[in-house]
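So the structure is just underneath, and the comments pick up after that.
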Amino acid sequence: MDNLLLTIAPLVAASINAGTPLMLAALGLLVNEKAGVVNLGAEGMMLVSAITGFAVAVNTGSPTLGFLAGACASMLLSGFFAWLTVWLGTNQYATGLALSLFGAGASTYIGLKYVGNSLQNGRFGIPLLEDIPVLGPALFRQHPMVYLSLLLCLAIAWFLYRTRAGLVLRAVGESPASAHALGYPVRRIRLAAVLFGGACCGLAGAFLSLVYTPLWVEGMVAGRGWIALALTTFATWRPARVVGGAYLFGGITILTFHAQALGVPIASQLLSMLPYVAAIVVLVLISSNANYIKLNMPASLGKNFNPGN
């Protein structure tokens, strides 16, 4: 039994580590969608923030500055997205896809001279708690960003459901015309939500290149932006459920790596598909109950608002 627990502990730790960027990105996208905006550019924003954060960390020696730079780079892209969709009224889905493609190309070009570089991460842990058998290695030897992401989830849940500002943001997502009639600045609220979502995607991308795999590889986000988008639906737009979904998909990812290491006689390409297959299966199961989705989904999701109408 002891050997089994000692084997499970590192798997749990790795699953939490793998789920953290998914959680960060999904929480930001959830706030976007609560305001009625769908940003399909998460993949591109995460790629740009990953290379930006890595480049800054390599040149300054400060991972903290790397995280800040990644968040700022992603916020810049999300601000451009907001200008196009919220102010100019372009189609949210097409604009998001264009942003994703732009981010993929831009990150590849910027990252050319950083291929082959790597960062050295120190050892992290919570004093005393990290020494608890099994639980310590599994839960209390994570990067500080892991714990900050959990605090962020609590803060978002409190903001959305316990504050007046959160109520206004949800009202903008449900009925922007009604919110506008009551005097609320719908466009500015949506801009703030999109910028916040961009910052969260930026932290997620920077986490990948600074902590999860502390090096730069072209396309290293590897579809996590799309999984984060799926997570918002999986969680039915509830922050607490995002945590469970993120760690679930993180665990599936780690199990595929573990299976390959154990020499399971299945093609590695098929094993690598498992997280994405799981995302599709979960979405199909959830979408089978259309009324449940409609009950939880913001009513104006993906629809532009023109205050002149």
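The values are calculated or read from the model by the stated rules, or taken from the named source; none is laboratory data. Just so you know, these numbers come straight off a predicted model, no measurement behind them. Here the Cβ is made from the backbone with ideal geometry for all residues, glycine too, and neighbour counts use every protein chain on show. For the accessible areas, the whole protein counts, side chains as well, though only heavy atoms, and no ligand, DNA or RNA atoms are used. Shrake-Rupley method; radii C 1.70, N 1.55, O 1.52, S 1.80 Å.
Computed over region 140-242, the percent of Cα pairs more than 21 Å apart is 46.
Compared with the alpha-carbon gap, the fully stretched path from Ser118 to Ala240 is longer by 40.5 nm at 0.36 nm per residue. Computed across region 1-158, the Kirkwood radius stands at 17.7 Å (inverse of mean 1/r, all Cα pairs).
What does the convex hull of the Cα atoms of region 93-132 come to per residue, in Å³, rounded to a whole number?
Values: hull volume 5.5 nm³, N = 40.
Taking the convex hull of the Cα positions in region 93-132, it is 137 Å³ per residue.
One decimal place: the segment Asn91-Arg188 gains 33.1 nm when fully extended, by the rule 0.36 nm per residue minus the C-alpha distance. Here is the size of region 182-303 from its Cα atoms: Rg then Dmax, 17.4, 62 Å. For the chain, the longest principal axis of the Cα atoms and the long axis of helix 63-82 meet at an angle of about 30 degrees.
Taking all protein chains together and rolling a 1.4 Å probe, Leu88 ends up with roughly 100 Å² accessible. The string of couplings for region 104-109 from the Karplus curve (6.51, -1.76, 1.60, θ = phi - 60°) is 5, x, 5, 5, 5, 5 Hz, one whole number per residue in order, with x for Gly and Pro.
On the beta carbon distance between Glu130 and Leu274, with R0 = 30 Å, the FRET formula returns roughly 0.45. FRET efficiency for the pair Ala165 and Ala299, taken as 1/(1 + (r/R0)^6) with r the Cβ-Cβ distance and R0 = 22 Å, rounds to 0.70.
Give me the lysines in straight-line cross-link reach of Lys303: C-alpha distance below 18 Å, same-chain residues under 8 apart excluded. In chain and number order, the partners are Lys34, Lys294.
Set against the 2.2 N^0.38 Å expectation for a compact globular protein, region 8-56 has a Cα radius of gyration ratio of 1.42.
A crude spin-label estimate for the pair Leu262 and Thr213, with each label 7 Å from Cα along the Cβ direction, gives 2.2 nm.
Over the chain, the pair-distance histogram of Cα-Cα distances with 20 Å bins from zero comes to 33, 57, 10, 0 percent, rounded to whole numbers. Could you work out which residue, out of Leu77, Leu154, Leu139, moves most in a Gaussian network model of the chain, that is, has the largest mean-square fluctuation with Cα springs under 10 Å? Among Leu77, Leu154, Leu139, the largest mean-square fluctuation in the Gaussian network model of the chain belongs to Leu154.
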